[in-house]
Amino acid sequence: VGSEMCIRDSSSNTLRQSRKSLIEEAAAVLSDKEARAYHDEDLRNGVLTPIDFERTPAALAMLLEAGENQKVLEYADAILTAKNRRGGDSVNSNGKRDVALTSSMATCEYAQEALYSLGKRPSYVEGSHMLELALKTLEKAPGGKSKSFAPDLKDAIYKELDDALPGVTLTASKDTIT
């Protein structure tokens, strides 16, 4: 499941624009010696660069692209459950869809590891479970059950589930025999 392709094809314009501005800001800091020194000092002290909350879905997508799947899953739930000062949701519907999309893709990455890791036996049951979780994550997003939301990702997940089904069946048969 190609995460970068799905981000481009299914994410909101807000996410794409926020992602671009985050990259531009990072490039500006890294090219300015003084700003870079402050940034590096912050990192050594465990201080992360703050960003506006409405740009967190874009930051999450960038973490996914960097292969930080565990962080994506940890932060996604916190972002989706965060409340604003008036007690309402901090992320709007498009942001929730973007977070669900990114979280689902991180879950798919774990499914791929379970199904196709080199040097270890495939875990069809675990991989299938993770793929089903990825689908449920997409469906919980606002409008997530719509055929127009992340159709390429949903198709890829269903294909992976179909491909894993013989392994799941064999695993279940082996477990009942022993």
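The mean sequence separation of alpha-carbon pairs under 8 Å and at least six residues apart, normalised by the residue count of the chain, gives a relative contact order of 22 percent.
On a per residue basis, the convex hull of the C-alpha atoms belonging to the range 22-87 measures out at 111 Å³.
Give the angle, between 0 and 90 degrees and rounded to the nearest 10, that separates the Cα long axis of helix 151-177 from the longest principal axis of the Cα atoms of the chain. Between the helix axis and the principal axis of the chain, the angle is about 40 degrees.
Taking every alpha-carbon pair in the range 1-113 and binning the separations at 5 Å intervals from zero gives 2, 12, 20, 21, 19, 13, 10, 3, 0 percent.
For the range 11-18, backbone phi angles converted through the Karplus equation (6.51, -1.76, 1.60; θ = phi - 60°) give residue-by-residue couplings of 7, 6, 4, 4, 4, 4, 5, 5 Hz, Gly and Pro being listed as x. Cα centroid separation, the range 37-81 to the range 138-158: 25 Å. Computed with the Debye formula from one identical point scatterer per Cα of the range 76-149, without solvent, the log10 of I(q)/I(0) at q = 0.15, 0.17, 0.26 Å⁻¹ comes to -0.57, -0.68, -1.08.
Per atom type, the range 78-119 shows carbon and sulfur on 46% of its accessible surface, probed at 1.4 Å. Here the extension length gained between Ile23 and Thr81 equals 18.3 nm, from 0.36 nm per residue of separation less the Cα-Cα distance. Shape summary of the range 45-178, radius of gyration then Dmax from alpha carbon positions: 17.2, 57 Å.
For Asp89, nonlocal amide neighbours, meaning residues 5 or more places apart or on other chains whose placed amide H falls under 5 Å from its own, are Asn84. Relative contact order of the range 101-165, taken over Cα pairs closer than 8 Å and 6 or more residues apart, is 35 percent.
For the chain, lysine pairs with C-alpha atoms less than 23 angstrom apart, excluding pairs fewer than eight positions apart on the same chain, total 27. Taking 41 Å as R0, compute the FRET efficiency from the Cβ-Cβ separation of Asn45 and Asn13 and round it to 0.05. With a Förster radius of 41 Å, E is 0.70. Considering only Val99, Ile157, Gly87, the residue lying farthest towards the positive end of the dipole of the chain is Gly87, judged by Cα position with unit charges set on Cβ. For the chain, the longest principal axis of the alpha carbon atoms and the long axis of helix 56-65 meet at an angle near 60°.
Residues in the chain average 62 Å² of solvent-accessible surface per residue, probe 1.4 Å, ligands and nucleic acids excluded.
Taking the Cα centre of the chain as reference, the dipole from Cβ charges on Lys and Arg (+1) and Asp and Glu (-1) amounts to some 500 debye.
The values are calculated or read from the model by the stated rules, or taken from the named source; none is laboratory data. This is a predicted model, so every value here is computed, not measured. When we count neighbours, we look across all protein chains shown, and the Cβ atoms used for this are built from the backbone with ideal geometry, even at glycine. Side chains included, ligands, DNA and RNA excluded: accessible areas come from the protein's heavy atoms. Shrake-Rupley method; radii C 1.70, N 1.55, O 1.52, S 1.80 Å.
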